[in-house]
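Student: I'd like to ask some things about the structure below.
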Amino acid sequence: MNSLAGAELAQRLTDSDPDIRRCAIADYEGPGTLDAIQAFSRALRDGDKGVRDAAFRALRSIGTEEVAQAVVALIADQNIGLRNMAGELLVKLGTISLRPLYAYLQSHDQDVRKFAVDVIGLIGNRESLLRILPLVNDPDENVVLAVIEAAGHLGNIQAVEPLLLAYTRKEYARIPIAEALGRLRDQRASHLLLSEFKNEWQKSEPDQLLLFVLIEALGSVGDIEAYEALVKEIEVGKGKLGTVLAYAAIQIATRWNETLPESAAMRECLLHALDEKNFSITMSAVKALAVYDDDDVTMAMLRLLGWSEVLDILLHAILKQRERTLSIATSLLETMESDKARGVIFFVSLAAAHNTEDDGSAREAAEEVERAFPVIARLWDQASEDTRSAIVEALFRLNGVEAISFLTRVTEDPDPWLRMRVIELLAQSSDGRVLEFVERFLEDEDEMVRETASATVMALQNRMGSVA
């Protein structure tokens, strides 16, 4: 449909049929005139969601400051749904919304001031900090908290000094202020945060949440003095918050090129950190644990395999340098559920190949390989397809002859579907003996098995030919 004239657009937007109203907006192809912007802004109040959504999209598509000026008044509306829609639109319009929003920072309504601060924070322009920062002294606590949160997200370090001052004056806001200072990553905050940490830590009943936030923030901004204080608390064996203490110490040590002290307390905190399932914490803890040679550290690292591809790269690099990894991994597989074992199975197959190349430990490696084969083979029945693929690859690396024997027994099952799945799994194998094994099924009694075998043989031949 061609562009609608302003009068016709306004008329169709008052039609009783919501489909006509919605189509009037969707069909509009004209310029973003003031009349059109005002009409679409009014349509944000429409009782039909489809009409409201169409108006939202149209206004966003026009995307001018005039749109922001027309919509911004809605953040003061009593209808919370309309207010939120207006806020979302202003955020999507970006920095052109800032100037219209600034006026609402002076509203007599504290809820409107807070909403304006929230939206400005979400827009994320660093320079807008200077417009919202005076409201850190607003008489309304919710407005103050909104300013603090926005300041942390905006990343403008001009917020540091005002936030440090606010910390000493506004007890109710200490936790969000500490969080914001941590996000700003400015070392000027280290002294105050460390002092507050020490004071809180010494209390008989400290605020656990405040301690957690202070330690996290120190991890981001702390200096050498903060590092030494955190390490000291780990060393004296005070068990609470050990994981976050260790992680913060690692962060500071990394920035200041410090070496973490090796101790039983530090080791224990780092091992607990592995259970956090937080990628950054886990990566840091794994690196720090590399200096500890204990078998339980090796076991803890092995349990992490398969959680993250990036983490697996680090784990493989560390684990292959450690003693008895193949033996420990095999013992772990004896107790693991099949579908949690894929990463460890893959590691065992690589470790076996690595160890057998080491003449100094060839006999021990051969014994471990012999022990690992049946352990991995026993996981087959309950394993998922992905895990079975890892099992097949591992068995061929451990003992190709026994792998053929094992798969021969598996494929003797009368179910043709099982034979087909084994053949499909073998299509991804890099072992040269697989081709000969799959060729056996070219004469299988089941047509679908024969077809699968034929396709797999062709794929294997092509891959081997390309490698050659």
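Student: What pairs from 170/277; 170/203; 287/340; 232/277 go past 29 Å between their alpha carbons?
Tutor: 170/277
Student: Taking 7 Å along the Cα-to-C-beta vector as the label spot, tell me the residue 405-residue 232 distance in nanometres, rounded to one decimal.
Tutor: Taking the two extended label points, one gets 6.4 nm.
Student: What distance in nm lies between label points placed 7 Å from Cα along the C-beta direction at residue 223 and residue 205?
Tutor: My value for the distance between the label points is 3.6 nm.
Student: Taking just the alpha-carbon atoms of the stretch 268-325, what radius of gyration and Dmax come out, in angstrom?
Tutor: Cα-based Rg and Dmax for the stretch 268-325 come out at 10.1, 27 Å.
Student: Ok, one more. Percent relative contact order of the stretch 121-245, based on C-alpha pairs within less than 8 angstrom and at least six residues apart?
Tutor: 20
Student: Before rounding to the nearest 500, sum -39500 (n - 2.57) across all DSSP H runs of length at least 4 in the chain and divide by the residue total; then give [θ] at 222 nm in deg cm²/dmol.
Tutor: -20500 deg cm²/dmol
Student: Still on this model: Taking the Cβ of residue 250 as the centre, find all other residues whose Cβ is under 12 Å away and add up their charges (Lys, Arg: +1; Asp, Glu: -1).
Tutor: +1
Student: Follow-up. Between residue 78 and residue 264, how many nm apart are label points set 7 Å from Cα along the C-beta direction?
Tutor: In this crude label model, residue 78 to residue 264 measures out at 6.8 nm.
Student: Compute the distribution of all C-alpha to C-alpha distances in the stretch 125-222, in bins of 10 Å from 0, and list the percent of pairs in each, rounded to whole numbers.
Tutor: In whole percents, the pair-distance histogram is 17, 52, 26, 4, 0.
Student: Here is a follow-up. Quote the Stokes-Einstein diffusion coefficient, in whole µm² s⁻¹, for the stretch 83-128, based on the Kirkwood radius over alpha carbon pairs, a temperature of 4 °C and a viscosity of 1.567 mPa s.
Tutor: 125
Student: Determine ³J(HN,Hα), in whole Hz, for all residues of the stretch 294-303 in sequence, where each value follows from phi through the Karplus function 6.51 cos²θ - 1.76 cosθ + 1.60 and θ = phi - 60°; x replaces Gly and Pro.
Tutor: Rounded to whole hertz, the list is 5, 5, 5, 5, 4, 4, 5, 5, 4, 5.
Student: If you don't mind, another one. Of 40, 311, 379, which is farthest towards the positive pole of the chain's charge dipole, taken about the Cα centre with +1 and -1 on the beta-carbons of Lys, Arg and Asp, Glu respectively?
Tutor: Farthest towards the positive pole: 40.
Student: Work out the charge dipole of the chain with +1 on the Cβ of Lys and Arg and -1 on the Cβ of Asp and Glu about the Cα centre, then indicate which of 214, 244, 271 is farthest towards its positive end.
Tutor: With unit charges placed on the Cβ atoms, the residue in question is 214.
Student: Taking the Cα centre of the chain as origin, work out the dipole magnitude from +1 charges on Lys and Arg Cβ and -1 charges on Asp and Glu Cβ, in debye rounded to 20.
Tutor: That gives the chain a dipole magnitude of about 1680 debye.
Student: With a cut-off of 8 Å between alpha carbons and a minimum separation of six or more residues, what is the relative contact order of the chain in percent?
Tutor: 5
Student: I'd like the orientation of helix 208-221 relative to the chain: the angle between its Cα long axis and the longest Cα principal axis, in ° from 0 to 90, rounded to 10.
Tutor: Compared with the principal axis, the helix lies near 80 degrees.
Student: Now for a separate question. Explain nothing, just compute: Karplus ³J(HN,Hα) = 6.51 cos²θ - 1.76 cosθ + 1.60, θ = phi - 60°, for every residue of the stretch 304-321 in order, whole Hz, x for Gly and Pro.
Tutor: Result, rounded to whole Hz: 7, 4, x, 6, 8, 4, 5, 5, 4, 4, 5, 4, 4, 4, 6, 5, 5, 8.
Student: Would you mind giving the three semi-axes, in whole Å and largest first, of the ellipsoid equivalent to the stretch 272-414 according to its Cα gyration tensor?
Tutor: Semi-axes (√(5λ), whole Å): 27, 19, 11.
Student: Hey, what do the phi angles of the stretch 327-342 turn into as Karplus ³J(HN,Hα) couplings, whole Hz, using 6.51/-1.76/1.60 and θ = phi - 60°, x for Gly and Pro?
Tutor: My calculation for the stretch 327-342 gives 5, 5, 5, 5, 4, 5, 4, 5, 10, 7, 6, 3, 7, 9, 9, 4 Hz in order.
Student: Rounded to whole Å and sorted largest first, list the principal axis extents of the Cα atoms in the chain.
Tutor: 82, 69, 38
Student: Under 1.5 on a/c is rounded, so check that first for the stretch 221-348, then, if it is not, pick prolate when a/b is larger than b/c and oblate when it is not; a ≥ b ≥ c are the square roots of the alpha carbon gyration tensor eigenvalues.
Tutor: prolate
Student: Helix 80-93 sits at what angle to the longest principal axis of the chain, using alpha carbons and giving 0 to 90 degrees rounded to 10?
Tutor: Rounded to the nearest ten degrees, it is 70.
Student: Moving on to the next point. Multiply the residue gap between residue 96 and residue 137 by 0.36 nm, knock off their C-alpha separation, and tell me the result in nm, one decimal place.
Tutor: Residue separation times 0.36 nm, minus the Cα-Cα distance, leaves 12.1 nm.
Student: Follow-up. Cα-based Rg (one decimal) and Dmax (whole number) for the stretch 1-104, in Å?
Tutor: In Å, with Rg to one decimal and Dmax whole: 13.0, 39.
No value in this document is a laboratory result; all are computed from the given coordinates. Keep in mind it's a predicted model, so treat the numbers as computed, not measured. Virtual Cβ from ideal backbone geometry, glycine too; neighbours counted across all protein chains shown.
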